[in-house]
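No value in this document is a laboratory result; all are computed from the given coordinates. Values in this document were obtained by computation on a predicted structure and should not be read as measured data. Because the Cβ atoms are built from the backbone with ideal geometry, glycine has one as well, and the counts that use them run over all protein chains shown.
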Amino acid sequence: MPLAGRRILLRQAGARASRVKQCRNHVRALGPRLNLFWAPAQLAVLAKVVDLNGFSAAARSLGVPKAAVSRAVADLEKTLGVRMLERTTRRISLTPAGQLIYPHAKRVVDELDAAQVLVSKLHAPATGPLRVVADATYGRVLLAPLVPRFLENFADVPLDVSLNAIDGVEWDVAIRAGLPSDATVSHRLLGALPAVLCATPQYLTQRGTPAKPEDLRQHDLFTPESERPDLFQLEFSRNSQRAEVRVVPRLTVNDPAVLHASAAAGLGIGLLPEFLCRQGLATGRLKQVLAEWQLPPAASLYAVYPASLGADPRVQRFVDFLAANIVPALAHS
């Protein structure tokens, strides 16, 4: 055979060998992945063997043959490439590698137990009143009018309502402003709280009525808390116009009821949730400032509930009812 022909055959043979090697590597890489399909069960079995100090006891607890328990532990050791257990006639102990793995195996069992508890709650009938908490500011104005309507529509769901601070109180549903950061709770957005600037007619007569956003710098401002207590930025929009004004507040506080009380006392201009000012504006005790300009929402209102109660029909009914009825209450009248 000519030299060129032999070179071509050698290159082809090399290419085939390379493809075979790639396939073998692919199969070898698939092995651990396939074993990991069973790994959670194997870890749980390992934890049972250690906790009950024996393969027979673990098998009785799991309701499986002893051989199945032994095979699960052996397969886990083979997958990880280390021995997990030291076996004697009287007891079983963890190897150094087993001591590292055991906490993770135990966590698998704990998570399974927790899941079973949650599922059992789905099938258990909900009893007792639904405990609802809300900050007094939002509760009295927004929640209180809805409670009688809910009781009328859902006679089989008793309520236990508390209009106090949420912290330190056991609850099933909490109504709060701002997105919760706790990962153990679920939430549903109920709506945004429109914001307005309000003052008493007497204050505006004495100090003058602002004609443009920049005029607010000449007034006493009451604002919610911000990152800088000595500086607050107000953002305005009117059609295509935008305005940003930085002011030095006379009062910053995280309770809108305090802001409302200070503005209603004639001490300055308050940046307030509109629903708190609604009655004062209707009766003339308060006057809206820069009414032609729009402000960002004062806050977003959420229904918060433990994630474990997400499937509770009482919670679902109450949160659905809030979402359907609080939004109209938040809208401008």
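The calculated FRET efficiency for the pair D156 and N325, based on their C-beta separation and a Förster distance of 25 Å, comes to about 0.85. For the peptides 300-307, 254-261, 44-51, 65-72, the ranking by mean Cβ contacts within 10 Å, running from highest to lowest, is 44-51, 300-307, 254-261, 65-72.
In a solvent-free Debye calculation with one equal scatterer on each Cα, what is log10 I(q)/I(0) for region 205-297 at q = 0.11 Å⁻¹, listed in the order of the q values? Cα-only, vacuum Debye calculation for region 205-297: -0.29. Working note: Debye formula, equal point scatterers on the alpha-carbon atoms of region 38-123, no solvent; log10 I(q)/I(0) at q = 0.12, 0.17 Å⁻¹ is -0.35, -0.67.
Between the C-alpha center of region 241-311 and that of region 172-192 there is a gap of 20 Å. Tell me which GluC sites (Glu not before Pro) from region 242-331 have a DSSP coil assignment and no more than 13 other beta carbons within 10 Å of their own. When the GluC sites (Glu not before Pro) of region 242-331 are filtered for loop state and at most 13 Cβ neighbours within 10 Å, E292 remain.
For the peptides 93-103, 172-182, the ranking by packing is 172-182, 93-103, with the highest mean count of neighbouring Cβ atoms within 10 Å listed first. Here region 134-173 is scanned for amide nitrogen atoms under 19 Å from the site 7 Å beyond the Cα of Q279 along Cα-to-Cβ, giving 134-149, 163-164. As a length-normalised measure over Cα pairs under 8 Å and 6 or more apart, the relative contact order of region 192-333 settles at 37 percent.
Treating the Cα atoms of region 193-257 as identical point scatterers in vacuum, please give the log10 of the normalised Debye intensity I(q)/I(0) at q = 0.15 Å⁻¹, two decimals. Computed log10 I(q)/I(0) values: -0.52.
For region 193-257, the relative contact order works out to 32 percent when only alpha carbon pairs closer than 8 Å and six or more residues apart are counted.
Give the residue from V258, L295, A211 lying farthest towards the positive end of the charge dipole for region 195-296; charges sit on Cβ (+1 for Lys and Arg, -1 for Asp and Glu) and the dipole is referred to the Cα centre. Among V258, L295, A211, the one farthest towards the positive end of the dipole of region 195-296 is A211. Model label points for Q218 and L80, set 7 angstrom from Cα along the Cα-to-Cβ axis, are 7.6 nm apart.
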